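Chemist: Before I ask anything, let me first share the structure, which is written out below as structure tokens.
Read the figures in this text as sums done on the coordinates, not as results from a lab. Everything quoted here is computed from the prediction, not taken from an experiment. Positions of Cβ are backbone-derived with ideal geometry, glycine not excepted, and every protein chain shown enters the neighbour counts.
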Amino acid sequence: MTQLTSIPQAIIAPELSWVGLALLLPLLAAVACALCCALRVKGKAAAIITILALAASFGIIVKAYFAYTGPVQVPIFQWIDFEWGAGQFQSFNANCALYIDTLTLFWMLFVTGLGTLIAIYASEYMEGYCGSGYSRFFFGICIFLFSMSALVMGDNLIMLYLGWEGVGLASYLLIGFDYARPAAVAAGKKAFIMNRIGDLGLALGIFMLWANYGTLQYSELFAAMNKGGQTSVDWDLSVIPFLLMLGAFGKSAQIPLFTWLPDAMEGPTPVSALIHAATMVTAGVYLIARMYPFFELHPEALATVAWVGGLTALLAATIGMAQYDIKRVFAYSTISQLGYMFLGLGVGTSFGACYHTLTHAFFKALLFLTAGAIMHGFAGQLDLRKLSGLRHIPGWRIVSWTMLVGCLWLSAFPYTAAFFSKDAILLQALTSVRADFRFLGWLGLFTAALTAYYTFRVWFRVCAGPLHFEPGAEAHSESHDHHAPSTHAAHTTAPAAKSDHSFHPHAPRWAINGVLLILALGAVVVGVPAYNQAFAHKDNWAQQMIAGSSAMQGAGLAEDHGSQASVEHPKVLGMDAHTGLTIVGCTASIGGILIAWYFHLGSRKSADQLRAALLRRWWIRWVPICMENKWYVDEIYHFCFRLPMWLGSQILYFADRHFLDGVMVDGLAKIPIAVGKLFRPLYGGALQGYASTMAGGIALVVAWLSWIWLRGFN
Amino acid sequence: MNQELSSGFTIASSAPIAVALAISALLFVIGLVGFLCRRNMIIMFLCTELMFQGAALAMIAFARLRMDVSGQVFVIFILTVAAAEAALALGLVVLLYRKRETLSADAWSDLGES
Amino acid sequence: MLLIWTSILFPILAAFAVAIGPTKSAKWTAFAGTLVSLGALTLFAWNFPAWHNAEHFPNTTGPSWIPQAGITFSVGFDTVSLLLALLSAFLMPLCIAGSFSSITERTKEYYGWFLVLGSSIILAFAARDAILFYIGYEFTLVPMTLIIAIYGGTERRVAAIKMFLYTFLGSMFMLATLLYIGWEHRLAVGAWDFDIDTLTKTTIRLPSSTQYWIFAALMVGFAVKVPLFPLHTWLPLAHDQAPTAGSVILASAMLKLGTYGNYRFALPMAPAGGAELMSVVAVLAIIAIIYASLICWVQTDAKKLVAYSSVAHLGLCMLGLFALNPVGAEGAVFYMVNHGLSTGALFLCIGMFYERYHTKDTDVVGGLAKRMPIWASFMVLFTMASIGLPGLNGFIGEVLCLGGTFISEHDGQSGYPGVLGPWYAIVAGLGLIFAAMYLLILLGKLVWGPLREPHDDAAHASSAVRLSPDINFREIAILTPLAIACIWLGLQPKPMLDAIAPCAERMLANYPKEVERLMAQSAGTPLASLNNTTNESSSE
């Protein structure tokens, strides 16, 4: 392993405690929303409170960013804090304190920023629920923002765990927001439980760190790592990265714990955008970036991350290709993109991973919000076979074009921000000295082509082509009628649709359109650091942000590889690595888009023909079937884990009632009864019976006494 | 007084204690057998009195043997209690008779479960 | 002193007042009685001098009762017992208020016995005389049996008798052991004495083999009450059949007598036995966690589910206690209080919908968020507290218990060696997943989903008190203090942790030595040279 630069030590700065407001404000807003909920407020008070609080929180983070001079630790109050001796291992401290370095700010900037934007979007999107769940929705959003901020800004791993579980709760409550639908409830439950499995890994990893280093505070842990990371305790340190990894895989929906994320799309779309695309699911990336130095504790830990990321990217992409529900396609693309981030982390470019997180947050939020706008306008219709040519409807132009921006970014179209961020990851993989990383790089490139294909499959189907649509199932449902009055103006101004019946999609208004435009702009803007680097040869802002934090060891590693590259000129397809990758990446992206264009815009029939042709041939038919059925992962889990456990539980319950309680306890209780039955004839009820029993008893006692007496009392 | 008492018992003391104990045992066994064999409640009650007297006689005999009056005090006490008890028991017997119109003890076996 | 006796005896006075007073005012008399008890105890806690030091039973004594046998009426608290007594006293008025609408027949007896129950629980926590403790401990059974047998469900008699006999059998072991310890004390000193501190000083001087048996026998007694696998089978039945308030007190206060007994008697009195048997108890606790959690999973009766979850939760509590280091012990004590709050609240919530639908079967009734939104909010909150969501009270205890288990293997790094270690924590940690699973399934059926109500509304209409669809003001007022306590303890556990810490350390004072001795024994080191080699061998 190369010589690693040390992590800068944090200084304690109580004067910065105002940054804590970024935590406190969402919490206060949550309380206010809960009050709105309790008082059954009919208006949009909850949304306004939430937006104001989140905007203020964003402002605070921006201020903190400009006031930033170096890593600081900001104590706020003591939470769990006790010690029973003076030794290093004789305390358990997890206080409510903030750890602010560039990684924190990097994450917080887009978390609070996107949180605010999506809250604005949701204030319009959710208006159908005014008076019945509107406040509850924003309560969930506030709880989420609070937890996410605690996760990112916390100064110790228990704070991180608090946020970690808190976002899980918010996700559970918001996925199951429409609680009358069993599917939504089941999806929320599944998300929480699958996350819990990962959380166990995280918790054990945290305990392991504590047991080994005697502390849970980042600054002290990093200080220990600076000294080489070894402790006097002879425990197996190398399991720590694997345990932490499990937590990250759960939260960020990677193999083997990814199946909850597609189901989580049952939640309202702003939730999918905010929690299940932009922010919460990147917590796993954050965890690994934050604890990056500890992933050096086992030589194969990062390689495992890379493999899991690469394989998840591919698997999710293949499933995404065969889905018809727009949100599900985007959900699988989220899993796939998260896979890229883990691949980046694994091959050693924490910069690439974090930068991809940032770009992904913008374009994926954008994509989900456009999908949400469509769903909102077309009464819940999300089947891409039943929507077509939306860009021809006047009110839907912003949606269509911003969706195009999102799709271009997602498919890593050349010279978009996402192109650069994906490029950074793949470059690192392809120029690695390890052969398996180079293989993963090629796998990532192949996945990129798939990504471009399925992304544009959606856009060409939904926004391009001839105008045609069928409304969703909610057309005449109650929830639709709810927001009919408020959107009546938009409703009537929408042009008569060329549909077979009189359904009028209501176009989004300023809040949704405005947010979409801002996000599209944001998606462009986040490319600026990369443009600076690529064209103006200036410093890459994102790289600086990552390099100033604990994830810098990875950055150091990357630079190390980079210098190696400059010496040995690693080749990609016989060309200079950068040029080669640009060419290959462009080919993959544009090739995918062209294929999608042919099948889904040029001649849509041929897509069905291709599918039919594949299904006819026995040796290939398993591919589309498995892809459409998500590789049967849910079913496999059900039969391998859930079902045996459920049967086991039934058996245990049966045993508990009938063996432990029935045989053991009641059986024991039967012994006195049985003994009593032996003597029952002596007490038959007749007076003489009692008398003779008594006489016999006395006789026995007398006989016994006389025997003793005769024997002579020894 | 003390002399009178002691002189009054000199005759009895000539009989060995075994005789007195044998009589008391005999009384007790007669009572016991009677109690177990008869069904008439009044007879059974009389048999209990017989057992009582057997025990009392044994007590007097031992008191005499040990020249200790407390045994005799006990006997007097028992006799008074027995008298009170006899009154109570006869009353009960009459009551039971009124209930079932018979003096047989077999009429009263409700305590048995079978 | 006066305040303690007020809090113990005032409920009994109130019980007399209930008995002779008119039926109509019975519930208010009872409510006032418990409030006075709580007030007196709070006042005592307010002025409690020993929140932050290990002083045992400060400033409290009592008159002699049976001087020949050394039994006294002495009462007093350390922080742990004070916290548990406060918890019981805090739950009492809530339970009585919770019974206002559910108990409509034989109300005078009900409230009277309930008050007696409250005072005997506080007596058990307050006693500093072992026999006095036994009296309080045992006497809780009488009112509880009557409450279950008269006011319970359809199988109430079986449940009540089983509870009584089972726990009574357990406490016989305990009583016999306490008497034996008293006798040993008499052998050593020449006079009977049942003061707990004195007895503790006596027993720790006894040979290890004697301590082993003392510990085992005390453990049997307390394990029934905890209840520890496999001695738990009375609990689900009793909970299932008990009226709501009875379940609350049973889970929140009476079960704590078992864990408290371990804290007060078994562990400090027989350190040699505790050190030797810690892995056995820990294994049983872990089995309890996994076993009860899995059983919870297939329950359709909401109350039984929460009852089995109590078994699992208290298993974790016992695991923390038997990690034999300050983290685990502190977590365990914290967990006792938390379990009392969140499980008690869950039972109250279940009772509230039971009063409206007369069924606890989650297959029949469900989706109540639509009908009872306020109730649903509370239910979700308390479930999350029970799952151990960080920021709520359950988390603190859970993380400390598991953390304590985790470092129990440390060779003296924490100052407290143990024999449990990470594997125990990993297996017990599975309980966290299962807890989320079964409680979320409960929530999913009961709170979320489409509204399902029993079709025959006859039961509903025939109820004597017509209740509003959602919980009413009284019920909100019952749940709110519990909710506040759950949130407050989750966000600000530090004062309580600071208060528990000295007591936990005092309880464990003899353990490092004993465990090291045992480890050395099993490693084959001769005992004589132990003192010289311990440090060297641990640093190797």
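Chemist: What residues qualify as long-range amide H neighbours of A:Cys463, i.e. H under 5 Å apart, gap of 5 or more or another chain, H built at 1.01 Å from N?
Modeler: A:Gly389, A:Leu390
Chemist: Using the Cα gyration tensor of chain A, with a ≥ b ≥ c the square roots of its eigenvalues, what is the shape: rounded (a/c below 1.5), prolate (a/b larger than b/c) or oblate (neither)?
Modeler: Numbers: a/c = 1.94, a/b = 1.53, b/c = 1.27.
The shape class here is prolate.
Chemist: So how many Å³ per residue does the convex hull of the Cα atoms of the stretch A:352-429 work out to? Please report the intermediate quantities before stating the final value.
Modeler: Numbers: hull volume 7.7 nm³, N = 78.
Enclosed volume per residue, from the Cα hull, is 99 Å³.
Chemist: Can you tell me the mean projection area, over all orientations, of the convex hull of the stretch B:16-102's alpha carbons? Units nm², please.
Modeler: Averaging across all directions leaves 5.7 nm² for the Cα convex hull.
Chemist: Rank by packing, highest mean first: peptides A:181-187, A:459-465, A:646-652, A:332-338, with packing defined as the count of other Cβ atoms within 10 Å averaged across residues.
Modeler: On the way: A:181-187: 18.9, A:459-465: 23.4, A:646-652: 14.9, A:332-338: 28.3.
Ranked from most to least packed, the peptides come out as A:332-338, A:459-465, A:181-187, A:646-652.
Chemist: If each residue's Cβ is checked for other Cβ atoms within 10 Å, how do C:Thr480, A:Thr455 rank with the fewest at the top?
Modeler: In order of increasing Cβ crowding within 10 Å: C:Thr480, A:Thr455.
Chemist: Hey, what angle do you get for helix C:79-98 against the long axis of chain C, alpha-carbon based, 0 to 90 degrees rounded to 10?
Modeler: Once rounded, the angle reads 10 degrees.
Chemist: Angle, helix A:435-462 long axis vs. longest principal axis of chain A, Cα atoms, 0 to 90°, nearest 10?
Modeler: So the helix axis and the longest Cα principal axis differ by about 70 degrees.
Chemist: Could you tell me the calculated FRET efficiency between C:Ala19 and A:Cys626, based on Cβ-Cβ distance and R0 = 51 angstrom, to the nearest 0.05?
Modeler: In this case the efficiency is close to 0.10.
Chemist: Right, here's the next one. Using the Karplus curve 6.51 cos²θ - 1.76 cosθ + 1.60 with θ = phi - 60°, work out ³J(HN,Hα) for each residue of the stretch A:639-646 in order, rounded to whole Hz, and write x for Gly and Pro.
Modeler: In residue order, the calculated couplings are 7, 8, 10, 5, 5, x, 5, 5 Hz.
Chemist: Other chains' Cβ within 10 Å of A:133-141 residues: what's the mean?
Modeler: Mean shielding by partner chains, rounded to a whole number: 1.
Chemist: Okay, moving on. What's the percent breakdown of Cα-Cα distances in the stretch C:127-268 across 10 Å bins, shortest bin first?
Modeler: With a bin width of 10 Å, the distribution comes to 12, 41, 28, 14, 4, 0.
Chemist: Would you calculate the separation in nanometres between label points at A:Phe639 and A:Asp539, each defined as 7 Å from the Cα along the Cα-to-beta-carbon direction?
Modeler: Roughly 5.7 nm, to one decimal.
Chemist: Filter C:Lys24/C:Lys360; C:Lys304/C:Lys360; A:Lys251/A:Lys386; A:Lys670/C:Lys256; C:Lys304/C:Lys445; C:Lys256/C:Lys304 down to the pairs with a C-alpha to C-alpha distance above 21 Å, please.
Modeler: In this structure, C:Lys24/C:Lys360; A:Lys251/A:Lys386; A:Lys670/C:Lys256 lie more than 21 Å apart at Cα.
Chemist: Percent relative contact order of chain C, based on C-alpha pairs within less than 8 angstrom and at least six residues apart?
Modeler: 14 percent
Chemist: Cross-link partners among lysines for A:Lys538, C-alpha distance below 16 Å, same-chain residues fewer than 8 apart left out?
Modeler: none
Chemist: Given the peptides C:251-260, C:378-387, arrange them by the average over their residues of other C-beta atoms within 10 Å, most packed first.
Modeler: The most tightly packed comes first, giving C:251-260, C:378-387.
Chemist: A follow-up question, please. Could you pull out every residue, at least 5 positions away or on a different chain, whose amide H is within less than 5 Å of the one on A:Asp81? Hs are placed 1.01 Å off N in the peptide plane, and Pro or chain starts have none.
Modeler: Hits under the 5 Å cutoff: A:Ala94.
Chemist: Can you give the log10 of the normalised intensity I(q)/I(0) at q = 0.21, 0.23, 0.24 Å⁻¹, computed with Debye over equal Cα scatterers of the stretch A:1-76?
Modeler: Each listed q corresponds, in turn, to -0.91, -0.99, -1.04.
Chemist: So which lysines pass the test for A:Lys42, namely a Cα distance under 27 Å, with those fewer than 8 places away in the same chain ruled out?
Modeler: C:Lys370
Chemist: Which peptide among A:273-280, A:79-86, A:384-391, A:152-159 comes first, and what is the full order, when sorted by highest mean count of other Cβ atoms within 10 Å?
Modeler: Answer by packing, highest mean first, reads A:273-280, A:152-159, A:384-391, A:79-86.
Chemist: Continuing with this model, one more query. Taking every residue in C:369-381, how many Cβ atoms of other protein chains lie within 10 Å of its Cβ, on average?
Modeler: So the per-residue partner count for this stretch is 2.
Chemist: Helix C:373-387 versus the longest principal axis of chain C: what angle, 0 to 90°, nearest 10, using Cα atoms?
Modeler: Tilt relative to chain C: about 10 degrees.
Chemist: Return the average number of partner chain Cβ atoms within 10 angstrom of each residue Cβ along peptide C:494-501.
Modeler: 3
Chemist: Ok, one more. Can you list the lysines whose alpha carbon is less than 22 Å from that of C:Lys201, not counting same-chain residues fewer than 8 positions off?
Modeler: Within reach: C:Lys513.
Chemist: Let me ask you something else. For q values of 0.04, 0.05, 0.08 Å⁻¹, compute log₁₀ I(q)/I(0) with the Debye formula on a Cα-only model of the protein assembly as shown, without solvent.
Modeler: Rounded to two decimals, the profile gives -0.32, -0.47, -1.00.
Chemist: Okay, next question. Kindly provide the trypsin sites (Lys or Arg not before Pro) of the stretch C:62-169 that DSSP labels as loop, not H, G, I, E or B, and whose Cβ sees at most 15 other Cβ atoms within 10 Å.
Modeler: Sparse-neighbourhood loop trypsin sites (Lys or Arg not before Pro): C:Arg106.
Chemist: Take every DSSP beta bridge whose two residues both sit in the protein assembly as shown, then give the antiparallel share in percent to the nearest 5.
Modeler: Within the protein assembly as shown, antiparallel bridges account for around 90 percent of the total.
Chemist: Could you calculate, for chain C, the ratio of the Cα radius of gyration to the Kirkwood radius, expressed as Rg to Rh? Kindly include the intermediate steps, with their values, before the conclusion.
Modeler: Working: Rg = 22.9 Å, Rh = 23.5 Å.
My calculation of the ratio gives 0.98.
Chemist: Give me, ordered by chain and number, the residues 5 or more places off A:Ile12 or on other chains with an amide H under 5 Å from its own placed amide H.
Modeler: Residues meeting the amide H criterion: A:Gln73.
Chemist: Whole-Hz Karplus ³J(HN,Hα) for the stretch C:152-161, in order, using 6.51 cos²θ - 1.76 cosθ + 1.60 and θ = phi - 60°, x for Gly and Pro?
Modeler: The phi angles translate into x, x, 6, 9, 5, 5, 4, 4, 5, 5 Hz.
Chemist: What is the pair-distance distribution P(r) of the stretch A:1-298, computed from all Cα-Cα distances in 5 Å bins starting at 0, with each bin given as a whole percent?
Modeler: Histogramming the stretch A:1-298 at 5 Å steps yields 1, 6, 12, 16, 17, 16, 13, 9, 5, 3, 1, 0, 0 percent.
Chemist: Take the alpha-carbon positions of the stretch C:350-407, form their convex hull, and give its projected area averaged over all directions (one quarter of the hull surface) in nm².
Modeler: Result: 5.2 nm².
Chemist: Measure up C:Lys27/C:Lys162; A:Lys190/A:Lys327; A:Lys327/A:Lys422 against 20 Å on the Cα-Cα distance and list the ones that go over.
Modeler: Checking Cα-Cα distances, C:Lys27/C:Lys162; A:Lys327/A:Lys422 exceed 20 Å.
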